[in-house]
Amino acid sequence: MPDGHSQISQDVLARYAVDAAAEVRGVHTKQRRGAKLTGSEVEVHVVVDYGANIPTVAAEVQRRVSDYLAQMADARPDAIHVVVDDVQR
């Protein structure tokens, strides 16, 4: 009999991270790059709007991803790495 616990796949958690990052002002939502999970760390790739303050945007992405994963999956990563792949005009 199941013990009442479920496990969410890393693909789903990565999708949650991407969705959370897309909600941040300054992240260009037309070109979401993706995320990957390695152990208890998340790496989120984003495209940032031209003129955005990249450190501020990255910090907000980290906060949003952390909050979203905690809320949706009760997951708390040890680290969230934000990789800016491009700056979009």
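Straightening the chain between ALA59 and SER9 buys 15.5 nm, computed as 0.36 nm per residue apart minus the Cα-Cα spacing. This ranking places ASP67, ASP74 by how few other beta-carbon atoms lie within 10 Å of each, fewest first, which gives ASP74, ASP67. Fewest-first ordering of LEU69, LEU37 by other beta carbons within 10 Å of each residue's beta carbon gives LEU37, LEU69.
Under the simplified labelling scheme, the ARG33-HIS81 pair shows an inter-label distance of 1.2 nm, with each label point 7 Å from Cα along Cα→Cβ. In the elastic network of the chain, a GNM with C-alpha springs shorter than 10 Å, the most mobile of GLY34, GLY51, GLY26 is GLY51.
Taking max minus min of the alpha-carbon positions on each principal axis, the chain gives extents of 55, 19, 19 Å, largest first. Axis of helix 10-22 versus longest Cα principal axis of the chain: the two differ by about 30°, to the nearest ten degrees. When each of ILE8, ILE80 is scored by the number of other beta-carbon atoms lying within 10 Å, the sequence from fewest to most is ILE8, ILE80. Taking the Cα centre of the range 10-88 as origin and assigning +1 to Lys and Arg Cβ atoms and -1 to Asp and Glu Cβ atoms, the resulting dipole is close to 140 debye. Using alpha carbons only, how many degrees (0 to 90, rounded to 10) separate the axis of helix 54-73 from the longest principal axis of the chain? Result, in degrees: 20.
None of the figures in this text is laboratory data; all of them are computed from the coordinates on show. Small disclaimer: the values here were computed from a predicted structure and weren't measured. Every residue, glycine among them, receives a Cβ derived from its backbone with ideal geometry; neighbour counts consider all protein chains shown.
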